[in-house]
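Written out below as structure tokens is the structure these notes cover.
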Amino acid sequence: MGKGILERLDEGVVVGDGGFVFALEKRGYVKAGPWTPEAVIEYPEAVKQLHREFLRAGSDVMQCFTFYASEDKLENRGNQAAQHGVSAVNETACRIAREVANEGDALIAGGMCQTPTYLSGGSKEEVQKEFQKQADAFVKCGVDFLICEYFEHVEEATWAVEVCKKTNLAVAATLCINDEGDMHGVSTAECAVRLAKAGADIIGINCHFDPDGVLAGIREMKRGLEEAGLKRHLMSQPLAFKTPDANKQGFIDLPEFPFGLEPRILTRWDCHRYAREAYELGVRFIGACCGFEPYHIRAISEELAEERGRLPAASEKHDMWGGGLKLHTKPWVRARARRDYWENLHPASGRPESSAYSKPNAWGVTAGDDLLKQQREATTQAEISNLASRS
């Protein structure tokens, strides 16, 4: 039997994979809006190929494509994904991830995230019932560990952790917050403590913010854990979009979300810096979320090659720091085949009428507000008109 996630983290760094919903939406296999993962059933080869590319880029963990795969989300607001069945979606995702993981030395993780039931004011019992359906599928399929991710409220995250701990598998828990705390006002440091006390073995932040925002939050989590005398592994999975202008709600409050974010994309060199800063902070599960493509993960793997004792397979076609440009026909491009050039580059957007920063919407709506209550029925045009009048 191979080494599990906690043993690997005890021994060194683990590189996660990238973002599936954004990558597969751009490829035409996921619908923006619901962001649900029925592609595992409808287009399994597309999901498998993306797993395979992340594996080749150096990922040590294949996260099953089960983002937003709770039953209440699969049927939310007229979504038809639930017709496949919550068990079928989750179990198929696990089988695909395992098939690719077995092509290398990777682990697979079953993931669950925040639910419409919680956002609509559901009880702990109702919310945990949704989590249990996914946990049952993960146990049946023999995943290596579990990830409770993308939670805006630590309360709901601890409920997910409690369900997952009953499986006797290692549990990671990440919130989509920064250093300002969760959406109910619980400090980031206290959030980490609550996750640890709920039983999470690995604690961190994913999504909503760029590497700078995520690592700022993890510094607070680390401080909170240390002050409470709690020791846990740390995990970071940021966005591949620059978000210095985001407020507490993160990138979903930016007016460019989700279809105009491309000018904010991280370069591979930004990913080198992120990986080094995360490692120096003490983070040992260094992964990624929305916007991260395989070449971004390759950059993380290359930056940490010495610590990991190897380069990823994808480096076969990539010389670090632009070394491959030595073969270019144009001399001014060959001149860029050096580390100091790429480390000090400030890329232009090519958009002279665009500003550097945007103004977030800042509606201030979160769980408990009537506007965030969810429904099975499709959103009507009248509802859209009402919402647009507030914008």
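Some values worked out for this structure:
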{"quantity": "For region 237-391, average projected area of the Cα convex hull in nm²", "calculated": "13.9 nm²"}
{"quantity": "Shape of region 176-329, Cα gyration tensor, a/c cut at 1.5", "calculated": "oblate"}
{"quantity": "Reachable lysines from LYS31, criterion Cα separation under 24 angstrom, eight or more residues apart if same chain", "calculated": "LYS48, LYS73, LYS133, LYS242, LYS373"}
{"quantity": "Estimated vicinal HN-Hα couplings, Hz - region 291-305 in sequence order (Karplus 6.51, -1.76, 1.60; Gly, Pro = x)", "calculated": "x, 6, 9, x, 5, 5, 5, 4, 4, 4, 5, 5, 4, 9, 4"}
{"quantity": "For region 329-369, the fraction of alpha-carbon pairs in successive 10 Å shells from zero, as %", "calculated": "18, 25, 22, 18, 12, 6, 0"}
{"quantity": "Gyration tensor verdict on region 1-149 (Cα atoms; rounded if a/c is under 1.5, prolate if a/b is larger than b/c, oblate otherwise)", "calculated": "oblate"}
{"quantity": "Whole-number D in µm²/s for the chain (Stokes-Einstein; Kirkwood sum over Cα pairs; 37 °C, 0.692 mPa s)", "calculated": "154 µm²/s"}
{"quantity": "Derived scalar couplings ³J(HN,Hα) [region 316-333; Karplus, 6.51 cos²θ - 1.76 cosθ + 1.60; whole Hz; x for Gly, Pro]", "calculated": "4, 10, 8, 8, 4, 6, x, x, x, 5, 4, 8, 6, 6, 8, x, 5, 7"}
{"quantity": "Built amide H within the under 5 Å cut-off of ALA246, gap 5+", "calculated": "none"}
{"quantity": "Accessible area per residue in Å² at 1.4 Å probe, computed on the chain", "calculated": "44 Å²"}
{"quantity": "Volume per residue that the Cα convex hull of region 314-391 spans, once the total is divided by residue count, Å³", "calculated": "273 Å³"}
{"quantity": "With every protein chain in place, region 156-285: carbon and sulfur % of accessible area (1.4 Å)", "calculated": "48 percent"}
{"quantity": "Nearest-10 value in Å² for the accessible area of LYS326, using the 1.4 Å probe", "calculated": "140 Å²"}
{"quantity": "Solvent-accessible area of GLU71 with every protein chain in place, 1.4 Å probe, in Å² to the nearest 10", "calculated": "60 Å²"}
{"quantity": "Cut-off under 5 Å, modelled amide H: who pairs with VAL14 long-range", "calculated": "PHE285, ILE286"}
{"quantity": "Residue-count net charge about LYS197 - beta-carbon cut-off 11 Å; Lys, Arg +1, Asp, Glu -1", "calculated": "0"}
{"quantity": "Whole-number Å³ per residue for the convex hull built on Cα positions in region 89-198", "calculated": "103 Å³"}
{"quantity": "Sequence-distant residues sharing a close amide H with ILE108 (under 5 Å, placed H)", "calculated": "MET62, ASP144, PHE145"}
{"quantity": "Listed residues LYS26, LYS165, LYS129, most fluctuating in the chain (Gaussian network, C-alpha, under 10 Å)", "calculated": "LYS26"}
{"quantity": "Longest DSSP-loop-exposure-free segment, chymotrypsin sites (Phe, Trp or Tyr not before Pro), the chain, at most 12 other Cβ within 10 Å", "calculated": "1-258"}
{"quantity": "Shape metrics for region 46-126, restricted to C-alpha atoms - Rg then Dmax, Å", "calculated": "14.6, 43"}
{"quantity": "Under the Karplus curve 6.51 cos²θ - 1.76 cosθ + 1.60, θ = phi - 60°, whole-Hz ³J(HN,Hα) for region 241-258, x wherever Gly or Pro sits", "calculated": "10, 5, 9, x, 9, 6, 8, 4, 7, x, 5, 5, 8, 6, x, 7, 6, x"}
{"quantity": "Rounded if a/c under 1.5, otherwise prolate or oblate - region 166-207, Cα gyration tensor axes", "calculated": "prolate"}
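The values are calculated or read from the model by the stated rules, or taken from the named source; none is laboratory data. Source: prediction; values computed, not measured. As a convention, Cβ positions derive from the backbone with ideal geometry for all residues, glycine included, and neighbour counts pool all protein chains shown. The accessibility values were calculated without ligands, DNA or RNA, using every heavy atom of the protein model including side chains. Shrake-Rupley method; radii C 1.70, N 1.55, O 1.52, S 1.80 Å.
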